[in-house]
1. Restricting the search to the stretch 107-135, which residues are assigned to a loop (DSSP other than H, G, I, E, B), at pLDDT 85 or above and among the aromatic types (Phe, Trp, Tyr)?
2. Hey, does the stretch 148-155 have a residue that's part of a helix (DSSP H, G or I) and of a type outside the set (A, V, I, L, M, F, W, C)?
3. Just need a number here: residues in the stretch 300-311 that are closer than 24 Å to residue 162 by Cβ and either part of a loop (DSSP other than H, G, I, E, B) or modelled with pLDDT of 85 or more (or both).
4. When the residues of the stretch 234-258 are narrowed to those that are open to solvent by less than 50 Å² (accessible area, probe 1.4 Å) and of a type in the set (Val, Ile, Thr), which ends up farthest from residue 185 (Cα to Cα)?
5. From the residues in the stretch 114-157 that are touching a strand residue (DSSP E or B) at 6+ places or on another chain (Cβ under 6 Å) and hydroxyl-bearing (Ser, Thr, Tyr), which one is nearest to residue 297 (Cα to Cα)?
6. Quick check on this structure: which one of 28, 33, 44, 39 is surrounded by fewer than 14 Cβ atoms within 10 Å (Cβ to Cβ) and either within 22 Å of residue 116 (Cβ to Cβ) or not aromatic (Phe, Trp, Tyr) (or both)?
7. Among the residues that make up the stretch 281-291, is at least one of them open to solvent by less than 60 Å² (accessible area, probe 1.4 Å), farther than 30 Å from residue 54 by Cα and either within 17 Å of the chain's Cα centre (by Cα) or touching a residue at least 12 places away in the same chain (Cβ under 8 Å) (or both)?
8. Where the second residue is small (Gly, Ala, Ser) and open to solvent by less than 30 Å² (accessible area, probe 1.4 Å) and the first is farther than 13 Å from residue 33 by Cβ and modelled with pLDDT of 80 or more and lies in the stretch 49-61, which pairs have Cβ atoms under 9 Å and are six or more apart or on separate chains?
Amino acid sequence: MSMVNTQQAWENTLIEIQSNISKANFNTWFKNTHIENMTGGTVTIGVANEFIREWLNTKYHKIILKAIRDVLPETRAVEYIISKKKPEAQTIPSAHTDSLRETLQKNELPLKDLYVNRDTNLNPRYTFDTFIIGSFNELAYSATQAILKKPGVYNPLFVYGETGLGKTHLIQAIGNELITRHPNIKIYYTSSEKFTSELVQALQKNQADTFKNKYRKYDVLIMDDIQFVSGKDKTQDELFHLFNVLYDANKQIIFSSDKHPNYIIGLEERLKSRFSAGMVVDINKPEYESRIAILRAKARLMSFSISDTCIDYIAHTVEGNIRELEGALNTILCQTEAKGHPLSLDEVKTTIKNNVRTKKQVSVQDIVHVVAQFYNLEHNLAYEKTRRKEVVHMRQVIMYLLREDFSISFPHIGRELGGRDHTTVIHSCTKIKEELNKDPNLIQELEQIRSMLQTYS
(Lines give C-alpha, C1' and ligand atoms only; values in the text may rest on other atoms or scores of the structure.)
Protein backbone atom coordinates (compact mmCIF):
# COMPACT_ATOMS: atom_id res chain seq x y z
CA MET A 1 0.00 0.00 0.00
CA SER A 2 1.46 3.36 -1.06
CA MET A 3 0.90 6.85 0.37
CA VAL A 4 -0.72 9.58 -1.73
CA ASN A 5 -0.45 13.33 -1.11
CA THR A 6 -3.96 14.87 -1.03
CA GLN A 7 -2.93 17.94 -3.01
CA GLN A 8 -1.37 15.83 -5.73
CA ALA A 9 -4.36 13.49 -5.75
CA TRP A 10 -6.75 16.39 -6.30
CA GLU A 11 -4.54 17.92 -9.00
CA ASN A 12 -4.59 14.59 -10.84
CA THR A 13 -8.36 14.43 -10.40
CA LEU A 14 -8.76 17.94 -11.80
CA ILE A 15 -6.78 16.97 -14.90
CA GLU A 16 -9.30 14.21 -15.56
CA ILE A 17 -12.27 16.49 -14.88
CA GLN A 18 -10.92 19.20 -17.17
CA SER A 19 -10.83 16.76 -20.06
CA ASN A 20 -14.59 16.18 -19.70
CA ILE A 21 -15.96 19.74 -19.45
CA SER A 22 -15.39 23.08 -21.15
CA LYS A 23 -12.58 25.35 -20.03
CA ALA A 24 -15.05 28.08 -19.02
CA ASN A 25 -17.04 25.72 -16.81
CA PHE A 26 -13.87 24.28 -15.31
CA ASN A 27 -12.55 27.73 -14.38
CA THR A 28 -15.93 28.79 -12.99
CA TRP A 29 -16.69 25.79 -10.78
CA PHE A 30 -13.39 24.12 -9.86
CA LYS A 31 -11.15 27.10 -9.13
CA ASN A 32 -9.99 27.16 -5.48
CA THR A 33 -11.39 23.69 -4.72
CA HIS A 34 -9.32 21.19 -2.78
CA ILE A 35 -9.48 17.95 -0.83
CA GLU A 36 -10.36 18.89 2.74
CA ASN A 37 -9.91 15.39 4.10
CA MET A 38 -10.47 11.70 3.45
CA THR A 39 -11.92 9.45 6.13
CA GLY A 40 -13.26 5.94 5.84
CA GLY A 41 -13.48 6.04 2.05
CA THR A 42 -15.27 9.42 1.97
CA VAL A 43 -13.43 12.25 0.24
CA THR A 44 -14.52 15.72 1.38
CA ILE A 45 -14.01 18.52 -1.13
CA GLY A 46 -13.62 22.09 0.14
CA VAL A 47 -15.31 24.82 -1.93
CA ALA A 48 -15.59 28.60 -1.61
CA ASN A 49 -19.35 29.08 -1.07
CA GLU A 50 -22.75 27.46 -0.78
CA PHE A 51 -23.62 28.02 -4.42
CA ILE A 52 -20.54 26.21 -5.73
CA ARG A 53 -21.16 23.40 -3.25
CA GLU A 54 -24.73 23.07 -4.54
CA TRP A 55 -23.67 23.22 -8.19
CA LEU A 56 -20.94 20.59 -7.88
CA ASN A 57 -23.38 18.36 -5.99
CA THR A 58 -26.14 18.56 -8.57
CA LYS A 59 -24.32 19.09 -11.87
CA TYR A 60 -20.85 17.55 -11.66
CA HIS A 61 -21.05 14.92 -8.95
CA LYS A 62 -20.89 11.89 -11.23
CA ILE A 63 -17.90 13.31 -13.14
CA ILE A 64 -16.08 14.12 -9.89
CA LEU A 65 -16.83 10.71 -8.36
CA LYS A 66 -15.56 8.86 -11.43
CA ALA A 67 -12.44 11.02 -11.76
CA ILE A 68 -11.44 10.74 -8.10
CA ARG A 69 -11.96 6.97 -8.12
CA ASP A 70 -9.49 6.75 -10.98
CA VAL A 71 -6.93 8.41 -8.69
CA LEU A 72 -8.10 6.98 -5.35
CA PRO A 73 -9.88 3.68 -6.09
CA GLU A 74 -10.83 3.14 -2.45
CA THR A 75 -13.16 6.16 -2.60
CA ARG A 76 -16.75 5.23 -1.78
CA ALA A 77 -18.34 8.65 -1.53
CA VAL A 78 -17.64 12.33 -2.16
CA GLU A 79 -18.98 15.17 -0.02
CA TYR A 80 -18.65 18.94 -0.32
CA ILE A 81 -18.17 21.56 2.41
CA ILE A 82 -17.59 25.29 2.44
CA SER A 83 -13.95 25.90 3.29
CA LYS A 84 -12.14 28.94 1.94
CA LYS A 85 -8.88 28.14 3.71
CA LYS A 86 -6.88 25.56 1.83
CA PRO A 87 -5.54 22.96 4.30
CA GLU A 88 -2.03 21.62 4.35
CA ALA A 89 -1.49 18.58 2.20
CA GLN A 90 -2.09 15.25 3.90
CA THR A 91 -0.90 11.78 3.04
CA ILE A 92 -3.52 9.08 2.72
CA PRO A 93 -3.25 5.40 1.94
CA SER A 94 -4.13 4.33 -1.59
CA ALA A 95 -5.01 0.70 -2.32
CA HIS A 96 -4.68 0.24 -6.06
CA THR A 97 -5.82 -3.34 -6.34
CA ASP A 98 -7.68 -4.81 -9.28
CA SER A 99 -10.20 -6.55 -7.07
CA LEU A 100 -11.09 -3.39 -5.18
CA ARG A 101 -11.37 -1.36 -8.39
CA GLU A 102 -13.62 -4.03 -9.90
CA THR A 103 -15.85 -3.98 -6.83
CA LEU A 104 -16.10 -0.20 -6.81
CA GLN A 105 -16.90 -0.03 -10.52
CA LYS A 106 -19.69 -2.53 -10.05
CA ASN A 107 -21.08 -0.44 -7.23
CA GLU A 108 -20.82 2.71 -9.31
CA LEU A 109 -23.51 1.72 -11.78
CA PRO A 110 -26.60 1.82 -9.57
CA LEU A 111 -25.45 4.86 -7.62
CA LYS A 112 -26.32 7.34 -10.36
CA ASP A 113 -25.57 9.96 -7.76
CA LEU A 114 -25.51 9.84 -4.00
CA TYR A 115 -28.88 11.54 -3.68
CA VAL A 116 -30.92 8.96 -5.59
CA ASN A 117 -32.78 6.36 -3.55
CA ARG A 118 -31.67 2.94 -4.83
CA ASP A 119 -35.05 1.31 -4.21
CA THR A 120 -37.28 3.96 -5.78
CA ASN A 121 -34.80 5.72 -8.08
CA LEU A 122 -36.28 8.99 -6.78
CA ASN A 123 -34.18 12.04 -5.97
CA PRO A 124 -35.27 13.29 -2.51
CA ARG A 125 -34.33 16.83 -3.51
CA TYR A 126 -37.48 16.99 -5.64
CA THR A 127 -40.23 17.94 -3.20
CA PHE A 128 -43.31 20.13 -3.24
CA ASP A 129 -41.61 22.39 -0.69
CA THR A 130 -39.25 23.61 -3.40
CA PHE A 131 -41.78 23.54 -6.26
CA ILE A 132 -42.93 27.00 -7.37
CA ILE A 133 -46.63 27.16 -8.26
CA GLY A 134 -48.03 29.69 -10.74
CA SER A 135 -50.69 29.95 -13.40
CA PHE A 136 -48.29 28.23 -15.82
CA ASN A 137 -48.38 24.93 -13.88
CA GLU A 138 -51.37 25.30 -11.55
CA LEU A 139 -53.52 22.65 -13.22
CA ALA A 140 -50.70 20.10 -13.22
CA TYR A 141 -50.01 20.81 -9.57
CA SER A 142 -53.70 20.43 -8.66
CA ALA A 143 -53.79 17.04 -10.40
CA THR A 144 -50.85 15.83 -8.32
CA GLN A 145 -52.55 16.94 -5.11
CA ALA A 146 -55.65 14.94 -6.05
CA ILE A 147 -53.47 11.87 -6.57
CA LEU A 148 -51.85 12.35 -3.17
CA LYS A 149 -55.28 12.30 -1.56
CA LYS A 150 -56.48 9.34 -3.60
CA PRO A 151 -53.92 7.45 -5.73
CA GLY A 152 -55.56 6.18 -8.89
CA VAL A 153 -58.10 9.01 -9.15
CA TYR A 154 -56.39 10.18 -12.36
CA ASN A 155 -54.93 7.19 -14.12
CA PRO A 156 -52.71 7.73 -15.88
CA LEU A 157 -51.58 11.24 -15.08
CA PHE A 158 -49.82 12.57 -18.17
CA VAL A 159 -47.82 15.79 -17.73
CA TYR A 160 -46.39 17.44 -20.83
CA GLY A 161 -44.53 20.62 -21.72
CA GLU A 162 -41.26 21.91 -23.12
CA THR A 163 -37.94 21.11 -21.54
CA GLY A 164 -36.85 23.01 -18.43
CA LEU A 165 -40.33 23.71 -17.04
CA GLY A 166 -40.19 21.45 -13.99
CA LYS A 167 -41.93 18.27 -15.19
CA THR A 168 -39.33 15.95 -13.64
CA HIS A 169 -39.41 17.89 -10.38
CA LEU A 170 -43.21 17.63 -10.22
CA ILE A 171 -43.58 13.94 -10.98
CA GLN A 172 -40.76 12.95 -8.64
CA ALA A 173 -42.25 15.14 -5.92
CA ILE A 174 -45.41 13.02 -6.14
CA GLY A 175 -43.36 9.90 -5.48
CA ASN A 176 -41.44 11.41 -2.58
CA GLU A 177 -44.60 12.73 -0.95
CA LEU A 178 -46.41 9.41 -1.35
CA ILE A 179 -43.53 7.63 0.39
CA THR A 180 -43.70 10.14 3.25
CA ARG A 181 -47.41 9.51 3.67
CA HIS A 182 -47.34 5.77 2.96
CA PRO A 183 -43.90 4.34 3.93
CA ASN A 184 -44.74 0.83 2.70
CA ILE A 185 -45.90 1.87 -0.75
CA LYS A 186 -43.84 0.46 -3.67
CA ILE A 187 -42.82 3.26 -6.02
CA TYR A 188 -40.41 3.33 -8.92
CA TYR A 189 -39.24 6.22 -11.08
CA THR A 190 -37.51 5.66 -14.41
CA SER A 191 -37.07 7.22 -17.82
CA SER A 192 -38.38 5.64 -21.00
CA GLU A 193 -34.79 5.36 -22.25
CA LYS A 194 -33.73 3.40 -19.17
CA PHE A 195 -36.84 1.25 -19.50
CA THR A 196 -35.85 0.45 -23.08
CA SER A 197 -32.25 -0.27 -22.10
CA GLU A 198 -33.34 -2.66 -19.35
CA LEU A 199 -35.71 -4.42 -21.74
CA VAL A 200 -32.98 -4.93 -24.34
CA GLN A 201 -30.60 -6.34 -21.72
CA ALA A 202 -33.31 -8.66 -20.39
CA LEU A 203 -34.05 -10.00 -23.85
CA GLN A 204 -30.36 -10.52 -24.58
CA LYS A 205 -29.97 -12.49 -21.34
CA ASN A 206 -33.23 -14.37 -21.82
CA GLN A 207 -34.62 -12.78 -18.64
CA ALA A 208 -37.83 -11.25 -20.00
CA ASP A 209 -39.93 -12.66 -17.16
CA THR A 210 -37.63 -11.13 -14.54
CA PHE A 211 -37.99 -7.78 -16.26
CA LYS A 212 -41.79 -8.05 -16.40
CA ASN A 213 -42.04 -9.08 -12.74
CA LYS A 214 -39.85 -6.19 -11.63
CA TYR A 215 -42.13 -3.54 -13.10
CA ARG A 216 -45.43 -5.23 -12.34
CA LYS A 217 -44.84 -5.30 -8.58
CA TYR A 218 -45.04 -1.52 -8.09
CA ASP A 219 -47.98 0.40 -6.65
CA VAL A 220 -46.86 3.57 -8.42
CA LEU A 221 -44.87 3.72 -11.66
CA ILE A 222 -43.46 7.08 -12.76
CA MET A 223 -41.93 7.24 -16.24
CA ASP A 224 -40.19 10.35 -17.55
CA ASP A 225 -39.72 11.46 -21.19
CA ILE A 226 -42.16 8.97 -22.64
CA GLN A 227 -41.69 10.53 -26.10
CA PHE A 228 -38.49 8.52 -26.49
CA VAL A 229 -40.42 5.26 -26.96
CA SER A 230 -41.37 6.69 -30.36
CA GLY A 231 -40.64 4.19 -33.11
CA LYS A 232 -39.45 1.48 -30.70
CA ASP A 233 -41.95 -1.28 -31.41
CA LYS A 234 -40.77 -3.81 -28.83
CA THR A 235 -40.62 -1.18 -26.08
CA GLN A 236 -44.10 0.04 -26.93
CA ASP A 237 -45.45 -3.50 -26.94
CA GLU A 238 -43.98 -4.22 -23.50
CA LEU A 239 -45.15 -0.86 -22.17
CA PHE A 240 -48.67 -1.54 -23.47
CA HIS A 241 -48.93 -4.82 -21.59
CA LEU A 242 -47.33 -3.35 -18.45
CA PHE A 243 -49.79 -0.47 -18.55
CA ASN A 244 -52.74 -2.84 -18.77
CA VAL A 245 -51.54 -4.94 -15.84
CA LEU A 246 -50.98 -1.92 -13.58
CA TYR A 247 -54.15 -0.17 -14.68
CA ASP A 248 -56.34 -3.22 -14.12
CA ALA A 249 -54.86 -3.53 -10.62
CA ASN A 250 -55.68 0.16 -9.98
CA LYS A 251 -51.99 1.03 -9.60
CA GLN A 252 -51.09 4.69 -10.15
CA ILE A 253 -49.27 5.41 -13.43
CA ILE A 254 -47.59 8.76 -14.14
CA PHE A 255 -45.94 9.86 -17.39
CA SER A 256 -44.17 12.97 -18.61
CA SER A 257 -43.45 14.06 -22.16
CA ASP A 258 -42.41 17.10 -24.15
CA LYS A 259 -45.71 17.03 -26.03
CA HIS A 260 -49.31 15.84 -25.82
CA PRO A 261 -49.60 12.06 -26.44
CA ASN A 262 -51.67 12.67 -29.58
CA TYR A 263 -48.74 14.53 -31.13
CA ILE A 264 -45.95 12.08 -30.39
CA ILE A 265 -44.92 10.89 -33.83
CA GLY A 266 -44.28 7.15 -34.03
CA LEU A 267 -46.41 6.35 -30.96
CA GLU A 268 -48.92 3.53 -31.47
CA GLU A 269 -52.58 4.52 -31.43
CA ARG A 270 -53.35 2.04 -28.66
CA LEU A 271 -50.83 3.79 -26.40
CA LYS A 272 -52.09 7.24 -27.37
CA SER A 273 -55.57 6.11 -26.39
CA ARG A 274 -54.44 4.83 -23.01
CA PHE A 275 -52.25 7.83 -22.23
CA SER A 276 -55.15 10.16 -22.99
CA ALA A 277 -57.71 8.17 -20.98
CA GLY A 278 -56.73 9.65 -17.63
CA MET A 279 -55.72 13.25 -16.89
CA VAL A 280 -53.58 15.06 -19.46
CA VAL A 281 -52.18 18.36 -18.17
CA ASP A 282 -49.63 20.74 -19.57
CA ILE A 283 -47.00 23.03 -18.06
CA ASN A 284 -46.34 26.24 -19.96
CA LYS A 285 -43.57 28.79 -19.72
CA PRO A 286 -43.85 30.85 -16.53
CA GLU A 287 -45.46 34.27 -16.90
CA TYR A 288 -43.88 37.41 -15.42
CA GLU A 289 -45.28 37.01 -11.89
CA SER A 290 -44.18 33.38 -11.73
CA ARG A 291 -40.72 34.28 -13.02
CA ILE A 292 -40.43 36.77 -10.14
CA ALA A 293 -41.44 34.07 -7.63
CA ILE A 294 -39.02 31.54 -9.13
CA LEU A 295 -36.08 33.94 -9.04
CA ARG A 296 -36.75 34.94 -5.45
CA ALA A 297 -37.08 31.32 -4.35
CA LYS A 298 -33.86 30.32 -6.10
CA ALA A 299 -32.01 33.28 -4.59
CA ARG A 300 -33.19 32.28 -1.11
CA LEU A 301 -32.04 28.71 -1.72
CA MET A 302 -28.59 30.01 -2.64
CA SER A 303 -28.53 32.43 0.33
CA PHE A 304 -27.94 35.09 -2.31
CA SER A 305 -29.01 38.70 -1.80
CA ILE A 306 -30.16 40.46 -4.98
CA SER A 307 -32.21 43.63 -5.30
CA ASP A 308 -35.85 43.66 -6.36
CA THR A 309 -34.88 45.95 -9.24
CA CYS A 310 -32.48 43.34 -10.60
CA ILE A 311 -35.00 40.54 -10.05
CA ASP A 312 -37.57 42.56 -11.96
CA TYR A 313 -35.14 43.15 -14.84
CA ILE A 314 -34.28 39.45 -15.12
CA ALA A 315 -37.97 38.47 -15.04
CA HIS A 316 -38.78 40.96 -17.81
CA THR A 317 -35.78 40.07 -19.92
CA VAL A 318 -35.38 36.29 -19.63
CA GLU A 319 -38.72 34.97 -20.88
CA GLY A 320 -37.69 31.36 -21.35
CA ASN A 321 -38.00 28.33 -19.11
CA ILE A 322 -37.02 27.81 -15.48
CA ARG A 323 -33.55 26.54 -16.37
CA GLU A 324 -32.83 29.73 -18.29
CA LEU A 325 -33.90 31.80 -15.29
CA GLU A 326 -31.61 29.72 -13.07
CA GLY A 327 -28.79 30.13 -15.57
CA ALA A 328 -29.12 33.91 -15.49
CA LEU A 329 -29.19 33.94 -11.69
CA ASN A 330 -26.19 31.60 -11.50
CA THR A 331 -24.21 33.86 -13.81
CA ILE A 332 -24.99 36.90 -11.66
CA LEU A 333 -24.00 35.05 -8.50
CA CYS A 334 -20.66 34.04 -10.01
CA GLN A 335 -19.94 37.64 -10.99
CA THR A 336 -20.99 38.83 -7.53
CA GLU A 337 -18.55 36.38 -5.91
CA ALA A 338 -15.79 37.40 -8.31
CA LYS A 339 -16.25 41.15 -7.76
CA GLY A 340 -16.91 40.88 -4.06
CA HIS A 341 -19.95 43.17 -4.05
CA PRO A 342 -23.61 43.09 -5.15
CA LEU A 343 -23.99 43.94 -8.84
CA SER A 344 -25.67 47.14 -9.94
CA LEU A 345 -28.52 46.99 -12.46
CA ASP A 346 -26.15 48.02 -15.27
CA GLU A 347 -23.72 45.27 -14.27
CA VAL A 348 -26.58 42.74 -14.23
CA LYS A 349 -27.62 43.84 -17.72
CA THR A 350 -24.07 43.33 -18.98
CA THR A 351 -23.66 40.02 -17.14
CA ILE A 352 -26.76 38.29 -18.52
CA LYS A 353 -26.80 39.71 -22.04
CA ASN A 354 -25.81 36.28 -23.38
CA ASN A 355 -28.71 34.66 -21.51
CA VAL A 356 -31.25 36.74 -23.40
CA ARG A 357 -32.54 35.18 -26.56
CA THR A 358 -32.90 37.36 -29.61
CA LYS A 359 -36.58 37.27 -30.43
CA LYS A 360 -36.96 35.53 -33.76
CA GLN A 361 -38.85 37.52 -36.38
CA VAL A 362 -41.66 35.42 -37.82
CA SER A 363 -43.46 36.65 -40.92
CA VAL A 364 -47.11 36.17 -41.85
CA GLN A 365 -45.97 33.75 -44.53
CA ASP A 366 -44.05 31.73 -41.95
CA ILE A 367 -47.18 31.36 -39.83
CA VAL A 368 -49.25 30.37 -42.85
CA HIS A 369 -46.70 27.70 -43.78
CA VAL A 370 -46.53 26.26 -40.26
CA VAL A 371 -50.31 26.12 -39.76
CA ALA A 372 -50.82 24.60 -43.21
CA GLN A 373 -48.15 22.01 -42.45
CA PHE A 374 -49.87 21.16 -39.17
CA TYR A 375 -53.21 20.56 -40.90
CA ASN A 376 -51.54 18.82 -43.85
CA LEU A 377 -52.94 21.30 -46.37
CA GLU A 378 -51.35 23.37 -49.15
CA HIS A 379 -50.36 26.75 -47.79
CA ASN A 380 -51.70 28.64 -50.82
CA LEU A 381 -55.23 27.54 -49.90
CA ALA A 382 -55.16 30.07 -47.05
CA TYR A 383 -55.26 32.90 -49.61
CA GLU A 384 -57.96 31.43 -51.86
CA LYS A 385 -61.71 32.09 -51.59
CA THR A 386 -62.73 28.51 -50.92
CA ARG A 387 -65.37 27.47 -48.38
CA ARG A 388 -64.02 23.99 -47.78
CA LYS A 389 -64.52 23.33 -44.06
CA GLU A 390 -60.94 22.25 -43.34
CA VAL A 391 -59.51 25.25 -45.22
CA VAL A 392 -61.81 27.71 -43.44
CA HIS A 393 -60.72 26.29 -40.09
CA MET A 394 -57.04 26.56 -41.02
CA ARG A 395 -57.50 30.16 -42.15
CA GLN A 396 -59.38 31.09 -38.97
CA VAL A 397 -56.57 29.64 -36.85
CA ILE A 398 -54.01 31.65 -38.83
CA MET A 399 -55.99 34.84 -38.30
CA TYR A 400 -56.42 34.12 -34.60
CA LEU A 401 -52.69 33.52 -34.07
CA LEU A 402 -51.72 36.63 -36.04
CA ARG A 403 -54.01 38.72 -33.88
CA GLU A 404 -53.53 37.13 -30.43
CA ASP A 405 -49.85 36.18 -30.54
CA PHE A 406 -48.42 38.88 -32.81
CA SER A 407 -50.87 41.78 -32.28
CA ILE A 408 -51.28 42.43 -36.00
CA SER A 409 -54.22 44.69 -36.84
CA PHE A 410 -57.41 43.24 -38.29
CA PRO A 411 -57.14 45.20 -41.57
CA HIS A 412 -53.51 44.15 -42.08
CA ILE A 413 -54.36 40.48 -41.50
CA GLY A 414 -57.17 40.75 -44.04
CA ARG A 415 -54.87 42.29 -46.63
CA GLU A 416 -52.20 39.63 -46.10
CA LEU A 417 -54.67 36.74 -46.45
CA GLY A 418 -56.14 37.34 -49.88
CA GLY A 419 -57.46 40.88 -49.43
CA ARG A 420 -60.28 40.01 -47.02
CA ASP A 421 -62.34 42.60 -45.17
CA HIS A 422 -61.38 43.29 -41.57
CA THR A 423 -64.85 42.23 -40.40
CA THR A 424 -64.11 38.73 -41.74
CA VAL A 425 -60.96 38.62 -39.64
CA ILE A 426 -62.84 39.77 -36.53
CA HIS A 427 -65.47 37.07 -37.10
CA SER A 428 -62.76 34.41 -37.51
CA CYS A 429 -60.96 35.41 -34.31
CA THR A 430 -64.22 35.48 -32.37
CA LYS A 431 -65.15 32.05 -33.74
CA ILE A 432 -61.86 30.50 -32.58
CA LYS A 433 -62.18 32.12 -29.14
CA GLU A 434 -65.66 30.63 -28.75
CA GLU A 435 -64.49 27.19 -29.83
CA LEU A 436 -61.57 27.29 -27.39
CA ASN A 437 -64.06 27.51 -24.52
CA LYS A 438 -65.70 24.22 -25.45
CA ASP A 439 -63.22 22.21 -27.53
CA PRO A 440 -60.13 20.91 -25.65
CA ASN A 441 -58.79 19.42 -28.89
CA LEU A 442 -58.51 22.91 -30.38
CA ILE A 443 -56.55 24.02 -27.33
CA GLN A 444 -54.08 21.20 -27.96
CA GLU A 445 -53.89 22.09 -31.65
CA LEU A 446 -52.94 25.68 -30.89
CA GLU A 447 -50.34 24.61 -28.34
CA GLN A 448 -48.73 22.30 -30.84
CA ILE A 449 -48.73 24.95 -33.56
CA ARG A 450 -47.16 27.48 -31.19
CA SER A 451 -44.50 24.92 -30.33
CA MET A 452 -43.78 24.45 -34.05
CA LEU A 453 -43.53 28.22 -34.52
CA GLN A 454 -40.94 28.50 -31.76
CA THR A 455 -38.60 26.15 -33.62
CA TYR A 456 -39.46 27.40 -37.11
CA SER A 457 -36.58 28.79 -39.10
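1. Across the stretch 107-135, the qualifying residues are 126, 131.
2. yes
3. Looking only at that region, the number is 1.
4. Restricting to residues being open to solvent by less than 50 Å² (accessible area, probe 1.4 Å) and of a type in the set (Val, Ile, Thr), the top hit is 235.
5. Filtering first and then ranking leaves 120.
6. 39
7. yes
8. none
The values are calculated or read from the model by the stated rules, or taken from the named source; none is laboratory data. This one's a predicted model, so the numbers in the text were calculated from it and none came from an experiment. Note that we place each Cβ from the backbone using ideal geometry, even for glycine, and neighbour counts take in every protein chain shown. Side chains are part of the model used for accessible areas, which takes the heavy atoms of the whole protein and leaves out ligands, DNA and RNA. Shrake-Rupley method; radii C 1.70, N 1.55, O 1.52, S 1.80 Å.
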